[in-house]
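Worksheet for the structure shown next.
Each value in this text was obtained by applying a stated rule to the coordinates, not by laboratory testing. Source: prediction; values computed, not measured. Note that each Cβ is placed from the backbone with ideal geometry, even for glycine, and that neighbours are counted across all protein chains shown.
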Amino acid sequence: MTEKIIILSDGRSRPPLIPATLVPATGELRDGLARPLHDLRISITDRCNFRCVYCMPKDVFDKDYQYLPHSSLLTFEEITRIARQFVAHGVEKIRLTGGEPLLRKNIEKLIAMLAELRTVHGKPLDLTLTTNGSLLARKAQSLKDAGLNRVTVSLDAMDDATFRAMNDVDFAVADVLHGIDTAHAVGLGPIKVNMVVKAGTNEQEILPMARHFKGTPHILRFIEFMDVGASNGWNMQDVIPSAEIVRRIGAELPLVPVDPNYTGETAARWRYVDGGGEIGAISSVTQAFCKDCSRARLSTEGKLYTCLFATRGHDLRALLRAGHNDAELSGAIAAIWQGRSDRYSELRTVNTDGLARAGERRVEMSYIGG
Ligand code: SAM
Ligand code: SF4
Ligand code: SF4
């Protein structure tokens, strides 16, 4: 049984220091390991209508669970103001996530505000969102109209009983597939479909998922079950390495590797030899990709995390609400990124069994955003 843990957010975050000399935003920011800042993931709610066993297990996220109060959440104006500073420092892609982002009221308004931002090269952002698909059929058109470019949809099985057991709220596969079809029809593609593979739980669904999405315009990506957070009872034995996933699929549906689209892409790409499209394999446990990690994460209450596995964030909301101006906010973000040296997955790979840091508890995926 999972240990009962009520800590979701991170009480140790502090407001960042405003450096005496502010680094101007040139779009060329580099961290301590020379990695650029290209990608911003924004968690817009810590709530979710699913209880995926690997993310928000019911025995922890039960009816007594204390979610963040509305006043703690960044407002759309605050999110956009912070995002603008990140874009000036080089961010070209913004992903909205959570929790379940489509539960955030008036999300279309936020999308419209973010869609107005321009990269340092004067181009529109790559604006995307990760969703469990439950509200997608209903919202796809309004999301598209607001300026969203595309969506990633999570789906862990084709078999209805397996999927219902994994989301643990009895949600049907057919309804997620309907969401995917609707999103495709309104032009929110190319759609990526994420499947988290947990040994002994849904590994028998690897091939049915591959068969279903082969020959469609959608890109299926297999994600290794990660030791993110502290409530999902992670164990290395629960991880099916991506190499094994690709081997199992390739034995029936031959695959060849494809070059990455860009440096820092999380998924290794493979295409079907017969022209049936491509799949991705996200090996966050067995083949760490920290070397090129250009992702920053902004939590629901405005804390900046420089790694998915961070135990401590930087409280940007405190700067905003204390009245600091954009130049100070931008300078604080630059200093944080320049001081970044995170490479948790690489270190974990060396240790293979997760990195338990005494007295430190990693923040949950539903809080920091996947
Ligand atoms: N609720 C949305 C969803 O499920 O798509 C967005 C948030 S969810 C935290 C983002 C992604 O993280 C999902 O694709 C989910 O499957 C993945 N995820 C959650 N917990 C995970 C874990 N322990 N290991 C690997 N992936 C995980
Ligand atoms: Fe909710 Fe997404 Fe986590 Fe599942 S993976 S519980 S849908 S936030
Ligand atoms: Fe990036 Fe941290 Fe993941 Fe490494 S472990 S790829 S630094 S988020």
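Taking the numbered list (1) within 16 Å of ligand 3 (Cβ to nearest atom); (2) surrounded by fewer than 16 Cβ atoms within 10 Å (Cβ to Cβ) in turn, Asp274 passes all entries but (1).
Tally up the residues in the range 138-197 that are among the polar types (S, T, N, Q), within 16 Å of ligand 2 (Cβ to nearest atom), touching a Leu at 6+ places or on another chain (Cβ under 9 Å) and in a helix (DSSP H, G or I), please. Can you show your working first?
First pass over the range 138-197, keeping only residues among the polar types (S, T, N, Q): 141-142, 149, 152, 154, 162, 167, 182, 194.
Cutting the leftovers down to within 16 Å of ligand 2 (Cβ to nearest atom) gives us 152, 154, 162, 167, 194.
Applying the additional criterion that residues be touching a Leu at 6+ places or on another chain (Cβ under 9 Å) yields 152, 194.
Retained after the next criterion (residues that are in a helix (DSSP H, G or I)): none.
Total meeting the criteria: 0.
Quick check on my filter: what residues within the range 125-147 are loosely packed, with under 15 Cβ neighbours inside 10 Å and in contact (Cβ under 8 Å) with a residue 12 or more places away in the chain? Result: Ser142, Asp145. Filtering Thr263, Thr286 for residues that are within 16 Å of ligand 1 (Cβ to nearest atom), among the β-branched types (Val, Ile, Thr), in a loop (DSSP other than H, G, I, E, B) and at negative phi leaves a single hit, Thr286. Within the range 14-58, if we keep just the residues that are assigned to a loop (DSSP other than H, G, I, E, B) and hydroxyl-bearing (Ser, Thr, Tyr), the residue that is nearest to ligand 1 (Cβ to nearest atom) turns out to be Tyr54. Residues in the range 310-317 include none that are over 18 Å from the mean Cα position of the chain (by Cα) and assigned to a loop (DSSP other than H, G, I, E, B).
Among the residues of the range 284-301, just one is surrounded by fewer than 23 Cβ atoms within 10 Å (Cβ to Cβ), small (Gly, Ala, Ser) and either within 16 Å of ligand 2 (Cβ to nearest atom) or more than 30 Å from Leu74 (Cα to Cα) (or both), namely Ala288. Evaluate the range 42-61: report whether one residue or more is within 16 Å of ligand 3 (Cβ to nearest atom), aliphatic (A, V, I, L, M) and under 25 Å from Asp292 (Cα atoms). Among the residues of the range 42-61, at least one is within 16 Å of ligand 3 (Cβ to nearest atom), aliphatic (A, V, I, L, M) and under 25 Å from Asp292 (Cα atoms), which makes the answer yes.
Of all residues in the range 198-210, those that are within 14 Å of ligand 2 (Cβ to nearest atom) and assigned to a loop (DSSP other than H, G, I, E, B) total 2.
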